[in-house]
Amino acid sequence: SQQGEEDPQALSIQEGENATMNCSYKTSINNLQWYRQNSGRGLVHLILIRSNEREKHSGRLRVTLDTSKKSSSLLITASRAADTASYFCATDVGGNNRLAFGKGNQVVVIP
Amino acid sequence: GAVVSQHPSRVICKSGTSVKIECRSLDFQATTMFWYRQFPKQSLMLMATSNEGSKATYEQGVEKDKFLINHASLTLSTLTVTSAHPEDSSFYICSAPSGRASDEQFFGPGTRLTVL
């Protein structure tokens, strides 16, 4: 069943701006992960945040997790044209690596 | 870094035929692999868990006789779409856990199946 569910956003931003997208889920989780998918390609793992963590950074990425609200956000700072892609959150509910993906956010960064 | 490959990348077949898709972990062993399906402009849906040396575990609503999974070795899982129909046309993606403490999974590049 779908766990992670993003707000159905399609973001179109100028290069250099920040992009924020959100994800909500329904049940308890072990961790939440964010992935990027370029059109017609496989997924690239971006960042994982565990249920006992509240914030995590990786390069230009910042992820927050609010387990009380069952939500997460992904912030991409100083966006680049190469950041144009779909971004998905996924939750690992049972700790057995079975991932439930959200609907995804289409981000377009205009040069 | 670890790489997962899929073959073929694209396949077009006639309705009623069977199609086999391979998923390989290239530089690591994977006792477990996962198969996902993605329809256009939609998210990924987990179909099944492929287990080396034992039967696959299918998600609710996925027909095991329709989607045959074989995990013959620690580096290879195959998904066979039997008696394919146009509604089976989709993007099929496999993944394998890295086995590291990071819980990272590595995804294959996907296979685009078109059933005519």
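In a Gaussian network model over chain A where Cα atoms closer than 10 Å are linked, find which of A:SER86, A:SER73, A:SER51 has the largest mean-square fluctuation. Checking each option, the largest mean-square fluctuation is seen for A:SER51.
Here's the picture: a label point sits 7 Å out from the Cα of A:THR77 along the beta-carbon direction, and within the stretch A:18-39 the residues with their amide nitrogen under 15 Å of it are A:18-20. The order of the peptides B:4-15, A:37-48 by mean Cβ neighbours within 10 Å, most packed first, is A:37-48, B:4-15.
The Cα-based radius of gyration and maximum Cα-Cα distance (Dmax) for the protein assembly as shown are 17.5, 50 Å. Partner lysines whose Cα lies under 17 Å from the Cα of B:LYS41, excluding those fewer than 8 positions away in the same chain, are identified as A:LYS103.
Which value, in debye to the nearest 20, describes the size of the charge dipole of the protein assembly as shown about its Cα centre when Lys and Arg Cβ atoms bear +1, Asp and Glu Cβ atoms bear -1, and nothing else is charged? Each step should come with its number before you reach the end.
Values: 24 positive and 20 negative charges, 34 e Å.
For this selection, approximately 160 debye.
Counting Cβ atoms of other protein chains within 10 Å of each Cβ in A:33-45 and taking the mean gives 5.
This model, with +1 at the C-beta of Lys and Arg and -1 at the C-beta of Asp and Glu, gives chain B a dipole about its Cα centre of some 300 debye. Look at the stretch B:104-112: the mean tally of other chain Cβ atoms within 10 Å of its residues' Cβ atoms is 4.
Taking 23 Å as the cut-off for C-alpha to C-alpha distance, list the pairs among B:LYS20/B:LYS55; A:LYS26/B:LYS64; B:LYS14/B:LYS64; B:LYS20/B:LYS66 that go past it. Correct reply: A:LYS26/B:LYS64. Have a look at B:LEU26, B:LEU79, B:LEU46 and tell me which one the Gaussian network model of chain B (Cα, springs below 10 Å) gives the largest fluctuation. Judging by the Gaussian network model, the answer is B:LEU26. Note on chain B: Rg/Rh from C-alpha atoms, Kirkwood Rh, equals 0.95. When all alpha carbon pairs of the stretch A:7-72 are counted in 10 Å bins from zero, the resulting P(r) reads 17, 48, 31, 4 %. Taking label positions 7 Å along the Cα-Cβ direction at both A:THR67 and B:GLN29, the computed distance is 3.3 nm, reported to one decimal.
Just so you know, all these numbers are worked out from the coordinates, no wet-lab data involved. Every value quoted in this text rests on a predicted model; they were computed, and no experiment measured them. Using ideal geometry, Cβ is built from the backbone for each residue, glycine included, and neighbour counts are taken over all protein chains shown.
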